[in-house]
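For reference, the structure is listed below as C-alpha coordinates.
The values are calculated or read from the model by the stated rules, or taken from the named source; none is laboratory data. Every value quoted in this text rests on a predicted model; they were computed, and no experiment measured them. No Cβ is skipped: glycine too gets one built from the backbone with ideal geometry, and neighbour counts run over all protein chains shown. Calculation scope for accessible area: heavy atoms of the full protein, side chains included, ligands and nucleic acids excluded. Shrake-Rupley method; radii C 1.70, N 1.55, O 1.52, S 1.80 Å.
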Amino acid sequence: MSEVVIPSKSEKETMNLGRFFGKHAMDGLFIALTGDLGAGKTHFVQGLAEGMGVQGVVGSPTFTIMNYYDGPTPLKHFDFYRLHSEDDLWNIGWEEYGEGGVVVVEWADMFPSLIPEESIQIEITLSGETERNIRIHWGERAPEEIIKEIKEYAACH
Ligand SMILES: Nc1ncnc2c1ncn2[C@@H]1O[C@H](COP(=O)(O)OP(=O)(O)OP(=O)(O)O)[C@@H](O)[C@H]1O
Ligand SMILES: [Mg+2]
(Lines give C-alpha, C1' and ligand atoms only; values in the text may rest on other atoms or scores of the structure.)
(Ligands and ions follow the chains in the order given, each with its own letter.)
Protein backbone atom coordinates (compact mmCIF):
# COMPACT_ATOMS: atom_id res chain seq x y z
CA MET A 1 0.00 0.00 0.00
CA SER A 2 1.37 3.40 -0.97
CA GLU A 3 0.05 6.81 -0.04
CA VAL A 4 0.35 10.55 -0.33
CA VAL A 5 -1.25 13.21 1.87
CA ILE A 6 -2.44 16.43 0.29
CA PRO A 7 -3.59 19.33 2.47
CA SER A 8 -6.67 21.33 1.49
CA LYS A 9 -7.31 24.81 2.88
CA SER A 10 -10.69 25.40 1.25
CA GLU A 11 -13.66 23.86 -0.47
CA LYS A 12 -12.12 25.11 -3.71
CA GLU A 13 -8.86 23.24 -3.16
CA THR A 14 -10.75 20.01 -2.50
CA MET A 15 -12.73 20.53 -5.70
CA ASN A 16 -9.51 21.24 -7.58
CA LEU A 17 -8.15 17.88 -6.46
CA GLY A 18 -11.38 16.27 -7.69
CA ARG A 19 -11.04 18.10 -11.00
CA PHE A 20 -7.49 16.80 -11.35
CA PHE A 21 -8.75 13.22 -10.83
CA GLY A 22 -11.49 13.86 -13.38
CA LYS A 23 -9.00 15.02 -15.99
CA HIS A 24 -6.99 11.82 -15.59
CA ALA A 25 -9.93 9.48 -15.04
CA MET A 26 -10.20 6.49 -17.33
CA ASP A 27 -12.68 3.70 -17.81
CA GLY A 28 -12.56 1.33 -14.85
CA LEU A 29 -11.34 3.86 -12.28
CA PHE A 30 -12.83 3.17 -8.84
CA ILE A 31 -12.50 5.80 -6.10
CA ALA A 32 -13.48 4.89 -2.53
CA LEU A 33 -14.11 7.98 -0.38
CA THR A 34 -14.20 8.02 3.40
CA GLY A 35 -14.29 10.76 6.01
CA ASP A 36 -16.60 12.32 8.56
CA LEU A 37 -19.90 14.05 7.84
CA GLY A 38 -19.15 17.30 6.08
CA ALA A 39 -15.53 16.37 5.37
CA GLY A 40 -15.89 17.34 1.71
CA LYS A 41 -16.52 14.04 -0.10
CA THR A 42 -19.36 15.42 -2.22
CA HIS A 43 -17.33 18.52 -3.10
CA PHE A 44 -14.52 16.26 -4.27
CA VAL A 45 -17.04 14.45 -6.50
CA GLN A 46 -18.33 17.76 -7.88
CA GLY A 47 -14.79 18.59 -8.97
CA LEU A 48 -14.32 15.07 -10.32
CA ALA A 49 -17.45 15.42 -12.48
CA GLU A 50 -16.31 18.81 -13.78
CA GLY A 51 -12.91 17.43 -14.65
CA MET A 52 -14.58 14.62 -16.59
CA GLY A 53 -16.64 17.14 -18.52
CA VAL A 54 -19.98 16.20 -16.95
CA GLN A 55 -22.53 18.96 -17.53
CA GLY A 56 -25.06 20.02 -14.93
CA VAL A 57 -25.34 19.90 -11.18
CA VAL A 58 -23.80 17.11 -9.20
CA GLY A 59 -25.74 16.65 -6.00
CA SER A 60 -25.53 14.08 -3.28
CA PRO A 61 -27.03 10.67 -4.02
CA THR A 62 -27.91 10.11 -0.36
CA PHE A 63 -31.57 9.47 -1.16
CA THR A 64 -31.13 7.71 -4.48
CA ILE A 65 -28.16 5.39 -3.73
CA MET A 66 -26.61 6.25 -7.08
CA ASN A 67 -26.46 9.18 -9.50
CA TYR A 68 -25.53 8.30 -13.06
CA TYR A 69 -23.95 10.86 -15.39
CA ASP A 70 -23.64 9.98 -19.03
CA GLY A 71 -20.60 11.00 -21.02
CA PRO A 72 -17.72 9.59 -23.04
CA THR A 73 -16.86 7.80 -19.80
CA PRO A 74 -19.95 7.55 -17.59
CA LEU A 75 -19.68 8.59 -13.94
CA LYS A 76 -21.47 6.61 -11.24
CA HIS A 77 -21.68 8.36 -7.89
CA PHE A 78 -22.74 6.21 -4.94
CA ASP A 79 -23.33 7.13 -1.31
CA PHE A 80 -23.48 4.16 1.06
CA TYR A 81 -24.39 6.26 4.12
CA ARG A 82 -28.07 5.41 4.34
CA LEU A 83 -27.84 1.81 3.22
CA HIS A 84 -28.59 -0.82 5.81
CA SER A 85 -27.03 -3.81 4.11
CA GLU A 86 -25.17 -4.87 1.02
CA ASP A 87 -28.43 -6.38 -0.21
CA ASP A 88 -29.77 -2.88 -0.93
CA LEU A 89 -26.96 -2.53 -3.46
CA TRP A 90 -27.26 -5.97 -5.02
CA ASN A 91 -31.00 -5.26 -5.41
CA ILE A 92 -30.38 -2.17 -7.54
CA GLY A 93 -27.82 -4.01 -9.63
CA TRP A 94 -24.40 -3.41 -8.03
CA GLU A 95 -23.03 -6.25 -10.12
CA GLU A 96 -23.65 -4.21 -13.25
CA TYR A 97 -23.35 -0.63 -11.94
CA GLY A 98 -20.42 -1.20 -9.60
CA GLU A 99 -17.96 -1.55 -12.46
CA GLY A 100 -17.22 0.11 -15.77
CA GLY A 101 -17.00 3.84 -16.36
CA VAL A 102 -15.77 5.76 -13.34
CA VAL A 103 -17.22 4.66 -10.00
CA VAL A 104 -16.93 6.93 -6.95
CA VAL A 105 -18.36 5.86 -3.58
CA GLU A 106 -18.94 8.04 -0.51
CA TRP A 107 -18.82 6.21 2.85
CA ALA A 108 -17.04 3.33 1.10
CA ASP A 109 -15.94 1.92 4.48
CA MET A 110 -19.55 0.86 5.22
CA PHE A 111 -19.12 -2.20 2.99
CA PRO A 112 -15.39 -2.87 2.58
CA SER A 113 -15.98 -6.17 0.82
CA LEU A 114 -17.53 -4.32 -2.15
CA ILE A 115 -14.42 -2.21 -2.74
CA PRO A 116 -12.20 -3.75 -5.42
CA GLU A 117 -8.43 -4.14 -5.00
CA GLU A 118 -7.87 -1.83 -7.97
CA SER A 119 -9.50 1.07 -6.15
CA ILE A 120 -7.88 4.29 -5.06
CA GLN A 121 -8.90 5.17 -1.52
CA ILE A 122 -9.31 8.76 -0.43
CA GLU A 123 -9.72 9.57 3.23
CA ILE A 124 -10.60 13.17 4.15
CA THR A 125 -9.89 14.26 7.73
CA LEU A 126 -10.90 17.57 9.31
CA SER A 127 -7.96 19.52 10.66
CA GLY A 128 -9.65 22.91 11.15
CA GLU A 129 -12.68 24.96 10.16
CA THR A 130 -11.78 24.84 6.47
CA GLU A 131 -8.61 22.75 6.64
CA ARG A 132 -8.60 19.13 5.57
CA ASN A 133 -5.97 16.43 5.21
CA ILE A 134 -6.64 14.33 2.16
CA ARG A 135 -4.90 10.96 2.32
CA ILE A 136 -4.81 9.06 -0.93
CA HIS A 137 -3.72 5.44 -0.79
CA TRP A 138 -3.73 2.51 -3.15
CA GLY A 139 -2.62 -1.07 -3.60
CA GLU A 140 -0.49 -2.78 -6.23
CA ARG A 141 -3.40 -3.28 -8.58
CA ALA A 142 -4.37 0.39 -8.86
CA PRO A 143 -4.07 1.85 -12.40
CA GLU A 144 -0.45 2.91 -12.93
CA GLU A 145 -0.99 5.95 -15.14
CA ILE A 146 -3.12 7.91 -12.69
CA ILE A 147 -0.91 6.89 -9.73
CA LYS A 148 2.02 8.50 -11.51
CA GLU A 149 -0.02 11.69 -11.96
CA ILE A 150 -1.16 11.64 -8.31
CA LYS A 151 2.44 11.44 -7.08
CA GLU A 152 3.36 14.42 -9.24
CA TYR A 153 0.33 16.39 -8.02
CA ALA A 154 1.22 15.62 -4.39
CA ALA A 155 4.81 16.77 -4.94
CA CYS A 156 3.65 20.28 -5.82
CA HIS A 157 0.67 20.72 -3.41
N1 LIG B 1 -11.21 22.28 2.67
C2 LIG B 1 -12.50 21.95 2.45
N3 LIG B 1 -12.81 20.97 1.57
C4 LIG B 1 -14.10 20.61 1.37
N5 LIG B 1 -15.16 21.16 1.98
C6 LIG B 1 -14.92 22.15 2.86
C7 LIG B 1 -13.59 22.59 3.13
N8 LIG B 1 -13.65 23.58 4.05
C9 LIG B 1 -14.94 23.75 4.33
N10 LIG B 1 -15.72 22.91 3.63
C11 LIG B 1 -17.19 22.83 3.78
O12 LIG B 1 -17.48 21.55 4.32
C13 LIG B 1 -18.69 21.05 3.74
C14 LIG B 1 -18.40 19.75 2.98
O15 LIG B 1 -19.62 19.23 2.55
P16 LIG B 1 -19.73 17.93 1.68
O17 LIG B 1 -21.18 17.73 1.44
O18 LIG B 1 -18.82 17.99 0.52
O19 LIG B 1 -19.18 16.83 2.71
P20 LIG B 1 -19.41 15.25 2.68
O21 LIG B 1 -18.13 14.67 3.15
O22 LIG B 1 -19.92 14.83 1.35
O23 LIG B 1 -20.52 15.05 3.79
P24 LIG B 1 -21.56 13.82 3.96
O25 LIG B 1 -20.84 12.80 4.80
O26 LIG B 1 -22.70 14.44 4.68
O27 LIG B 1 -21.91 13.29 2.60
C28 LIG B 1 -19.22 22.13 2.83
O29 LIG B 1 -20.11 22.94 3.55
C30 LIG B 1 -17.95 22.93 2.47
O31 LIG B 1 -18.22 24.26 2.15
MG1 LIG C 1 -21.59 13.74 0.74
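Ignoring ligands, DNA and RNA, what percent of the accessible area of the chain is carbon or sulfur (1.4 Å)? It would help to have the intermediate numbers written out before the result.
Values: 3990 of 8210 Å².
With neighbouring chains kept in place, the figure for the chain is 49 percent.
Take the alpha carbon atoms of segment 38-103, find their radius of gyration, then divide it by 2.2 N^0.38 Å using N residues; give the quotient.
Numbers: Rg = 12.0 Å, N = 66, 2.2 N^0.38 = 10.8 Å.
Scaled against compact globular proteins, the figure is 1.11.
Using a 10 angstrom cutoff on alpha carbons, build the Gaussian network for the chain and name the most mobile of 132, 82, 19.
In this elastic network of the chain, the residue with the biggest mean-square fluctuation among 132, 82, 19 is 82.
Give the relative contact order (percent, whole number) for the chain; include only Cα pairs under 8 Å separated by 6+ residues.
Reported as a whole number, the value is 35 percent.
What does the accessible area per residue of segment 2-155 come to in Å², with a 1.4 Å probe and no ligands, DNA or RNA counted?
Each residue of segment 2-155 exposes 51 Å² on average to a 1.4 Å probe.
Direction-averaged shadow area of the convex hull around the Cα atoms of the chain, nm²?
8.5 nm²
Between 28, 71, 128, where does the largest GNM mean-square fluctuation fall for the chain, given springs only between Cα atoms within less than 10 Å?
Among 28, 71, 128, the largest mean-square fluctuation in the Gaussian network model of the chain belongs to 128.
What is the dipole size for segment 2-155, taken about its Cα centre, with +1 at each Lys and Arg Cβ and -1 at each Asp and Glu Cβ, in debye to the nearest 20?
Here segment 2-155 has a charge dipole of around 540 debye.
Using only DSSP helix segments of four residues or longer, with each worth -39500 (n - 2.57), what per-residue ellipticity at 222 nm results for the chain after dividing by its residue count and rounding to 500?
-9000 deg cm²/dmol
Any idea which of 124, 8, 78 is furthest toward the positive side of the dipole for the chain, if Lys and Arg beta-carbons carry +1 and Asp and Glu beta-carbons -1?
Of the options given, the answer is 8.
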